[in-house]
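Since the structure comes first, as structure tokens, the remarks are kept for the end.
Every number here is computed from the coordinates shown, using simple stated rules; none is lab data. Treat the numbers as computed from the prediction; the structure is a model and nothing was measured. Glycine gets a Cβ as well: all are built from the backbone with ideal geometry, and neighbour counts include every protein chain shown.
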Amino acid sequence: MKLPILLAGVAGLLSVAAFTPATDLTFHPKESTTLTKNFGITLDFILDDLVLTVNGEEIDPARMGLDLDAASGNVSANLSFTDEYVSMDGAKTKELKRTFSGMSAEFESGDGSSDSKTMDDIEGETIVFKLDEESGEYAMTDDEGEEVGEEMQIMSVDTDMTIFLPTGPVEEDATWTVEGKDLLGVFVPGINIDKAMAKVDEEAVNNDAPFTPSDFLSFMEELGSIECTYKGTKEVDGVTLQVISLVPTLETTIDLTDTIAQIIEESPLGQEIDATASVTLEGSGSGELLWDTAAGHFRDYTLNLELSTLVDASGENQGMTGSAEVETTTTVSYHFTAE
């Protein structure tokens, strides 16, 4: 009797597995697919506190001409474009044609001043990304085959939020993480990080800066992570979409003492200043990625992040001591769509 019981148990397990298949979340749009994408980013910045001391005496920031209200504000930016997946090789884009519709930005400071800007000249501009199979890099030209301008060279072919996808099929409530330098792809989506950092490093060298911006990338390794969890499906406008919840947790302290010492050492003023400084970042939030498995691309992406920053600096020069503590809160909201 034991064998029939064992076989029945195995059959039961197999039947359960048959009704709870893993979901394959992959990027695989069909060739000639055209998607209109809208990217919106909103940033609210608040200066929570500023404490300045000189020789142990606290100084009112207003005495130094600092307007705390003006130091707060909000910025919103929107970019819209159309991506045509001309040629695909599975999950790899071999050729993509991107045509821009428009770009706008608005700014308002805490003192009531505001400004807005639209880039109408970008409307109709096209970038064609073609993969070089040998180098693995993309050549970037306009629709007439001419190399695009330097300002466009830092754009990435990938604006499809693939950074949040798991490495294989997943079952409901399965989790995985995005962390380290990959977080840069989350916070500055659509930008080729390597090219962008090479550009700003070159500019820093040309301006005789005592350090290059990429020197600070190492702190991204321990900045934190975004936990991704597959939450099943939801119906949106009659389409079944897969849901990935996103929970960012950020916490790190960056010691800038050595960098400041280098700047002081190379300063033409020749002053001897003993200074220390650090920046502590803490962040949390939530988000969601809606993925269309049938079409093989994302449909909607949201991420809301609240980031608290504490800058702590002190220094001594010719018997005088001073210190500064700056606390800020920044809320960043991302909302991207692809249809």
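Here is how the numbers come out for the structure above:
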quantity	calculated
Matching residues, the stretch 103-115, being in a strand (DSSP E or B) and either surrounded by 17 or more Cβ atoms within 10 Å (Cβ to Cβ) or free of Cβ contacts under 8 Å to residues at least 12 places away in the same chain (or both)	103, 109, 114, 115
Every residue from the stretch 85-102 that is touching a Leu at 6+ places or on another chain (Cβ under 9 Å) and either charged (D, E, K, R) or assigned to a helix (DSSP H, G or I) (or both)	89, 92, 94, 95
Conditions (1) free of Cβ contacts under 8 Å to residues at least 40 places away in the same chain; (2) out of contact with any strand residue (DSSP E or B) (no Cβ under 9 Å at 6 or more places or on another chain): number failed by residue 199	(1)
Residue, farthest from residue 105 (Cα to Cα), within the stretch 37-67, restricted to residues that are without any contact (Cβ under 8 Å) to a residue 40 or more places away in the chain and surrounded by 13 or more Cβ atoms within 10 Å (Cβ to Cβ)	59
Residue match in the stretch 282-295 (condition: closer than 19 Å to residue 245 by Cα, touching a residue at least 12 places away in the same chain (Cβ under 8 Å), touching a Lys or Arg at 6+ places or on another chain (Cβ under 6 Å) and not charged (D, E, K, R))	yes
Filtered residue count, the stretch 138-152, keeping only those that are of a type outside the set (S, T, N, Q), free of Cβ contacts under 8 Å to residues at least 40 places away in the same chain and either surrounded by 12 or more Cβ atoms within 10 Å (Cβ to Cβ) or touching a Ser or Thr at 6+ places or on another chain (Cβ under 8 Å) (or both)	7
Meets criteria (out of contact with any Lys or Arg (no Cβ under 9 Å at 6 or more places or on another chain), more than 20 Å from residue 227 (Cα to Cα) and charged (D, E, K, R)) for residue 182	no
Listing of strands (runs of 3 or more DSSP E) fully contained in the stretch 126-206 that carry 1 or more residues being closer than 27 Å to residue 295 by Cβ, in contact with a helix residue (DSSP H, G or I) (Cβ under 8 Å, 6 or more places away or on another chain) and β-branched (Val, Ile, Thr)	126-131, 175-179
